Amino acid sequence: MRKELDAATSWLLERQHPDGWWTDELETNVTMTAEHVLLLSFLGLPLHDIREGACEHLLRAQREDGSWALYHEGPADVSTTIEAYVALKVLGVDPASTPMRSALLIIQRLGGIAAARVFTKIWLALFGACPWSGIPTMPPELVYLPAQIPLNLYDFACWARGTIAPLTIVISRRPVRPLGVDVSEIVVPGTHGELSRVPGTGIFWWLDKLLKLYEQMPVKVGRSQARARMARWIVERQEADGSWGGIQPPWVYSLIALNLEGMDVSHPVMRKGLEGMRRFALHDDASGWRFQACMSPVWDTAWAVRALRRAGVMPSHPAMQSAVEWLLAEQITGGGDWQVRCKNVPCGGWAFEFDNDIYPDIDDTAVVVLALLEGGQPERVTPAVDRAIAWVRAMRSRDGAWAAFDRDNTNFMAYAIPFADFGAMIDPPTEDVTAHVLEMLGARGAGAHDPDVAGGLAYLRRTQTGAGSWYGRWGVNHIYGTWCVLDALKALGGGLDMQQRAACWLIAAQNADGGWGETCLSYEDASFAGVGTSAASQTAWAVLGLQSAGTGNHSACARGLAFLCEHQRDGTWPEPDHTGTGFPGDFYINYHLYRHLFPMMALAGAQPRVPGVAVEQTSRIPVQAKS
């Protein structure tokens, strides 16, 4: 096992950037590439630079039945398949070719455009392939609503807020530009009438009907001023790298909205946004040209520091020193949308990416603090750590727990609007983020009598499932959430009853091959919690959870470690699975470093303890698998 750990350590050290950070591909689904093709088409920009590589990427990802899915081995997804098919047709792929014919057949079998989600319909409406009348209305006057009024911009999660804001301009403009190809075949005969109807029921459906009547009026008082103000709101939130929020959805829609408001592609804001996209694009022989939904250098680097430290790499090592210095330089001290609900508090957080400083997040901040405490020199990291902890404490929500980006972003009314078919509209507290915060506070010496810790522990006690697991919002799913909470409980030295129930659940969920896996389907069907093909990252989370529960000597843990050793290849692990979560039920992520960092940490947990890093070796809780 030491041999495999040493190989993993060398693999990771060799891939550090000269500036001190780590990151790797953040793989999602083909809609990112397809929508980039459609964005360039809408803006009238050439496709020749990406044509061959994008075709290669889209076609490589197509499955045997002609479809594309949201995640590895997931079911055929009609929206993803429609967007890939349309993009390939725009790129010049022969509609009579076998891949295109098989894609069209499954699109028609799944219901065509009428069965697609709202965002796919919006993309098609931009080119006249879907009527704007079937798109839910979100007026730009939304920008005037103060934060105290329900369904103001700040009632939505930051990712939804940044997407809805530009879409209010787009939907109010109802543009139609040439696509260059006819895609009428993706409308299933007999469904044309459905395309003009907004699905749903209830008061917000009727409100949408009223808004559509207003949209038909020849004069709309104040509409141009509302669009202009919304455009200013958008421009004010462009990040240093040209993105919006560092993620694809608000980025592409902001470019479209600003273009509709009169900014051509040569305008400094537009040019900065388009040039920034080059950094997010990848192109290689294995997968072709593709666009990443976002990037994860801060998150990846923090976990890399923790993995290396647990593997025995000392803080004095040059790789550790350069990583710590890079992380310290990335700390954010400016403002952002989080201040709407958390006023007069200095920021001390970290964001997920290189430059999305307007949106520091609590999860990244907690893990970075843990990395600094484990891998940095105390005199160097203490000021940054103290500032970060003060900010995180201030960001606690009323229920005693923590969300990712905002405090008390819990207005579930957002899910009632017809626009809300794409998943996560709000950012409520979650078990995994709360667990990382509690682990951070425990590492800094806080105990169960600390009011913030007590509130967080009470939340975790309330949210533990009857089976013993915890939900995972940002990783798939119960295996991830359960590991996060077990790490927190270990750091705080409490919750033995919760630990034992969780350890029993993990042991019962182990696969016959010694590994663990969980399909993304568990977000839609709770019976799939902890059920799935064994994956390296999920096996590692389970092993780490058992180690933190004090059951590192249990035979289930030994079998999990054996699985990781057997499946290591050239110092790392293969993993096609999407084990990260963007929007539960709608958007999943394969972090290419997850397959490496967490197995490496699990192997390190089976080694003699590294000074200064708590690694459980002895079994404190007797645990037996469920019969």
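The values are calculated or read from the model by the stated rules, or taken from the named source; none is laboratory data. Predicted, not measured: the structure shown is a model, and the values here were computed from it. Positions of Cβ are generated from backbone atoms using ideal geometry, with glycine treated the same way; all protein chains shown enter the neighbour counts.
List of remarks:
- Comparison of 497, 487 shows that the only residue that is in the same structural domain as residue 442 (by TED's automatic domain parsing) and under 24 Å from the mean Cα position of the chain (by Cα) is 487.
- Subset of the stretch 127-142 (residues that are under 20 Å from residue 211 (Cα atoms) and assigned to a loop (DSSP other than H, G, I, E, B)): 130, 131, 135, 136, 137, 138, 139
- Residue match in the stretch 59-68 (condition: buried (at least 23 other Cβ atoms within 10 Å of the Cβ), over 20 Å from residue 300 (Cα atoms) and out of contact with any His (no Cβ under 7 Å at 6 or more places or on another chain)): yes
- Qualifying residue in the stretch 304-312 (condition: at pLDDT 95 or above and outside any helix (DSSP H, G or I)): yes
- Test result for residue 171, closer than 29 Å to residue 44 by Cβ, touching a strand residue (DSSP E or B) at 6+ places or on another chain (Cβ under 9 Å) and not in a loop (DSSP other than H, G, I, E, B): no
- Residue tally, condition in a loop (DSSP other than H, G, I, E, B), in contact with a Leu (Cβ under 9 Å, 6 or more places away or on another chain) and of a type outside the set (Lys, Arg), over the stretch 174-187: 5
- First in the stretch 471-493 and on the phi > 0 side of the Ramachandran plot, second anywhere and of a type outside the set (D, E, K, R), Cβ under 9 Å, 6 or more apart: 493/442; 493/447; 493/448
- Residues located in the stretch 26-46, provided they are in contact (Cβ under 8 Å) with a residue 40 or more places away in the chain, assigned to a loop (DSSP other than H, G, I, E, B) and surrounded by fewer than 17 Cβ atoms within 10 Å (Cβ to Cβ): 44, 45
- Residue 275 surrounded by fewer than 20 Cβ atoms within 10 Å (Cβ to Cβ) and either of a type in the set (D, E, K, R) or part of a loop (DSSP other than H, G, I, E, B) (or both): yes
- Filtering the stretch 113-123 for residues that are surrounded by fewer than 23 Cβ atoms within 10 Å (Cβ to Cβ), at positive phi and either in a loop (DSSP other than H, G, I, E, B) or without any contact (Cβ under 8 Å) to a residue 24 or more places away in the chain (or both) leaves an empty set.
- Matching residues in the stretch 201-221 - criterion: being part of a helix (DSSP H, G or I), exposed (fewer than 15 other Cβ atoms within 10 Å of the Cβ) and in contact with a helix residue (DSSP H, G or I) (Cβ under 9 Å, 6 or more places away or on another chain): 203
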